[in-house]
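Engineer: Got a structure for you, written out below as structure tokens; questions coming shortly.
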Ligand SMILES: [Zn+2]
């Protein structure tokens, strides 16, 4: 997630449009957008009208100017057109109140996803608003791309994900702000006698089966990341402790697809994550919480990644249920983090202690007791 180590000089939100010409990898390009942040070394973070961020190094900039036009996001129609222009041939758009979904799979699948994301959006907003977190709906539609085939998805995603694209069902990109994924009804483990489902009800029936749950959980997870970064809860290209980002996304991972009406699953016990957390306890060290909070290293070693995710959910679950006020304060503190500044471990710990108290040993004991008490 950390892209460039800039030192912040000053932060600006430009009213006018900034025009930047740059040279990158031997290619020149001209961008119009708004400079969100300037770094002391002359680099900058530019947002373009489709919501994509460009982190531009000073040596890449060949020309910079501004004009008086106010910065504006693309209209919904322009947004659709722009998104389709970066996709292979054969894509169409399905739009809902808050999403633009570009797909080359069945219309029914796009509509099923649109319904799921809208319900998630509503539930996410309601859930946090009721808990005193002030959020807003973004001024632009949230982009989603759905590939019909895993192969085409993998080809498209390889620049961003590298080799990992093959094993990841979908992902949220902080750079483009898009969720990209492929049609789950084609996944072998759940594919039934009828290979493609033609109606939303068919798809719902297929994906409500228990073996589909982890697949659906993944797309809910990615869509939750997108919501958190587009509602004021988290800031793109700011320092977001990974345990918090992942804990929040996993917290919403437990969908209840048997209900068309609601999203009753929010905050339910995530059995998979709870089991993984309990299994990790045998090798858990006393400083595990501090290490999880201080940096993102616990996620980096593939052997420990699952345990780090499980503990992130566990810690979020514990705080939301047992220390809601402190958790709210911590969320608000993280939401205000400036862009392009990556905190040192000491700073991360200081922020954490400021909200949850200095005694991490006692806090860890309380956390472990609480997690052990969950039936
Ligand atoms: Zn995640």
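The values are calculated or read from the model by the stated rules, or taken from the named source; none is laboratory data. For clarity, every value in this text was computed on a predicted model and none was experimentally measured. All Cβ positions, even for glycine, are placed from backbone atoms using ideal geometry, and neighbour counts span all protein chains on display.
Engineer: If we keep just the residues of the stretch 149-167 that are within 16 Å of the ligand (Cβ to nearest atom) and in contact with a helix residue (DSSP H, G or I) (Cβ under 8 Å, 6 or more places away or on another chain), which is farthest from residue 99 (Cα to Cα)? Walk me through it before giving the result.
Structural biologist: Kept after step one, since they are within 16 Å of the ligand (Cβ to nearest atom), are these residues of the stretch 149-167: 157, 160-161, 164-165, 167.
Still in the list and also in contact with a helix residue (DSSP H, G or I) (Cβ under 8 Å, 6 or more places away or on another chain): 157, 165.
Details: 157: 20, 165: 23 Å.
My answer is 165.
Engineer: Does at least one position in the stretch 343-355 carry a residue that is at pLDDT below 95, assigned to a loop (DSSP other than H, G, I, E, B) and under 26 Å from residue 39 (Cα atoms)?
Structural biologist: Kept after step one, since they are at pLDDT below 95, are these residues of the stretch 343-355: none.
No, the stretch 343-355 contains no residue that is at pLDDT below 95, assigned to a loop (DSSP other than H, G, I, E, B) and under 26 Å from residue 39 (Cα atoms).
Engineer: Is at least one residue of the stretch 129-136 in contact with a strand residue (DSSP E or B) (Cβ under 7 Å, 6 or more places away or on another chain) and over 30 Å from residue 32 (Cβ atoms)? If you could, list the steps in order and put the result at the bottom.
Structural biologist: Step one: list which residues in the stretch 129-136 are in contact with a strand residue (DSSP E or B) (Cβ under 7 Å, 6 or more places away or on another chain), which gives none.
Scanning the stretch 129-136 turns up no residue that is in contact with a strand residue (DSSP E or B) (Cβ under 7 Å, 6 or more places away or on another chain) and over 30 Å from residue 32 (Cβ atoms).
Engineer: Out of curiosity, is residue 90 part of a helix (DSSP H, G or I), within 26 Å of residue 49 (Cα to Cα) and free of Cβ contacts under 8 Å to residues at least 40 places away in the same chain? Full working, then the answer.
Structural biologist: Values: part of a helix (DSSP H, G or I): no; within 26 Å of residue 49 (Cα to Cα): yes; free of Cβ contacts under 8 Å to residues at least 40 places away in the same chain: yes.
No: the conditions fail for residue 90.
Engineer: Could you list, in sequence order, all residues of the stretch 234-244 that are more than 13 Å from the ligand (Cβ to nearest atom) and under 11 Å from the mean Cα position of the chain (by Cα)? First the steps, then the outcome.
Structural biologist: Applying the first criterion (more than 13 Å from the ligand (Cβ to nearest atom)) to the stretch 234-244 yields 235-239.
Answer for the stretch 234-244, where residues must be more than 13 Å from the ligand (Cβ to nearest atom) and under 11 Å from the mean Cα position of the chain (by Cα): 235, 236.
Engineer: Hey, any hits in the stretch 319-340 for a residue that's part of a loop (DSSP other than H, G, I, E, B), more than 17 Å from the chain's Cα centre (by Cα), at pLDDT 95 or above and surrounded by 18 or more Cβ atoms within 10 Å (Cβ to Cβ)?
Structural biologist: Scanning the stretch 319-340, I find at least one residue that is part of a loop (DSSP other than H, G, I, E, B), more than 17 Å from the chain's Cα centre (by Cα), at pLDDT 95 or above and surrounded by 18 or more Cβ atoms within 10 Å (Cβ to Cβ), so the answer is yes.
Engineer: Moving on. Residue 121 passes all but one of (1) under 21 Å from the mean Cα position of the chain (by Cα); (2) outside any helix (DSSP H, G or I); which number fails?
Structural biologist: (2)
Engineer: Another one. If you check residue 170 against the conditions, is it surrounded by fewer than 19 Cβ atoms within 10 Å (Cβ to Cβ), under 21 Å from residue 100 (Cβ atoms) and at pLDDT 80 or above? Quick ask: steps written out before the conclusion?
Structural biologist: Working: surrounded by fewer than 19 Cβ atoms within 10 Å (Cβ to Cβ): no; under 21 Å from residue 100 (Cβ atoms): yes; at pLDDT 80 or above: yes.
No.
Engineer: Next up: Can you give me the number of residues within the stretch 203-228 that are surrounded by 22 or more Cβ atoms within 10 Å (Cβ to Cβ), away from the ligand (no atom under 11 Å from the Cβ) and closer than 19 Å to residue 143 by Cα?
Structural biologist: 2
Engineer: Also: Looking for something surrounded by 19 or more Cβ atoms within 10 Å (Cβ to Cβ) and closer than 22 Å to residue 198 by Cβ - is there at least one such residue anywhere in the stretch 126-137?
Structural biologist: Quick first cut of the stretch 126-137, residues surrounded by 19 or more Cβ atoms within 10 Å (Cβ to Cβ) only: 128.
Subsequent filtering for residues that are closer than 22 Å to residue 198 by Cβ retains none.
For the stretch 126-137, residues surrounded by 19 or more Cβ atoms within 10 Å (Cβ to Cβ) and closer than 22 Å to residue 198 by Cβ: absent.
Engineer: Looking at the stretch 245-276, which of the residues that are away from the ligand (no atom under 16 Å from the Cβ) and assigned to a helix (DSSP H, G or I) is modelled with the lowest pLDDT? Quick ask: steps written out before the conclusion?
Structural biologist: So the first thing to find is which residues in the stretch 245-276 are away from the ligand (no atom under 16 Å from the Cβ), and the list is 256-269, 271, 274-275.
Next cut, assigned to a helix (DSSP H, G or I) only: 271, 274-275.
Working: 271: 88, 274: 95, 275: 96.
Per the criteria, the residue is 271.
Engineer: Test residue 345 against the criterion of being touching a helix residue (DSSP H, G or I) at 6+ places or on another chain (Cβ under 9 Å), closer than 16 Å to residue 243 by Cα and loosely packed, with under 15 Cβ neighbours inside 10 Å, and give yes or no. Working first, answer last.
Structural biologist: On the way: touching a helix residue (DSSP H, G or I) at 6+ places or on another chain (Cβ under 9 Å): yes; closer than 16 Å to residue 243 by Cα: yes; loosely packed, with under 15 Cβ neighbours inside 10 Å: yes.
Here the answer is yes, as residue 345 does meet what is asked.
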